[in-house]
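Here's the structure we're looking at; comments come further down.
The values are calculated or read from the model by the stated rules, or taken from the named source; none is laboratory data. What you see is a predicted model; the values in this text were computed from it and never measured. All Cβ positions, even for glycine, are placed from backbone atoms using ideal geometry, and neighbour counts span all protein chains on display.
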Amino acid sequence: MEHLWAPWRNRYVTGEEKPSEDLFRKIADSSDDAAHHVLARTKASFAVLNRYPYNLGHVLVCPYREVDDLSSLSAQESADLWTLVNRIVAALKKTLNPDGFNLGINLGTAGGAGVPKHLHVHVVPRWTNDSNFLTTIGATRIHPGDLPTVYATLLQALS
């Protein structure tokens, strides 16, 4: 069995910094996209950089409407969500040149949802051998970019 270690997320995991139940509502309702690293907005969805990324360029694509299951989305909301996921993947390919992606949705607390009443799609760029010795033995992950720089780069690619 392989393990993915993510010690940079410790503040989140230990509860030292825990997302509020209305985190995505606050971001959705805010007009300050730069402060929240919102990359794109559509009629039914928005995309935001993850504050505690698993990897460089980790983006969350969220429907505006708070739902806890894919079946709760209307056909239009679902189409809008997946269209935005595709736009984000294209922008990440163009700007960060990853070798692949992990796409996922954590449904319910047991499924790993940090905000169980608001589903979102994780878009995580991956590179061949992106888990190096430092991650393995040093309990540290090196991100070759910071959130503001990644945000600006992706924002330009999405324009």
**Report entry** In the range 65-116, the residues that are crowded, with 16+ Cβ neighbours inside 10 Å, within 15 Å of the chain's Cα centre (by Cα), over 19 Å from residue 157 (Cβ atoms) and without any contact (Cβ under 8 Å) to a residue 60 or more places away in the chain
**Finding:** 81, 106, 113
Report summary line: Checking 84, 73, 39, 92 in turn, the sole residue that is touching a Gly at 6+ places or on another chain (Cβ under 8 Å) and at pLDDT 90 or above turns out to be 92
Requested in this report: Taking only the range 92-131 into account, find how many residues are more than 29 Å from residue 66 (Cβ to Cβ) and part of a loop (DSSP other than H, G, I, E, B).
Outcome: 8
Report task. Kindly provide the set of residues from the range 26-57 that are charged (D, E, K, R) and either without any contact (Cβ under 8 Å) to a residue 24 or more places away in the chain or surrounded by 18 or more Cβ atoms within 10 Å (Cβ to Cβ) (or both), ordered by number. Result -> 26, 29, 32, 33, 41
Query raised in the report: Looking at this structure, is residue 120 closer than 17 Å to residue 52 by Cβ and at pLDDT 90 or above?
Result: yes
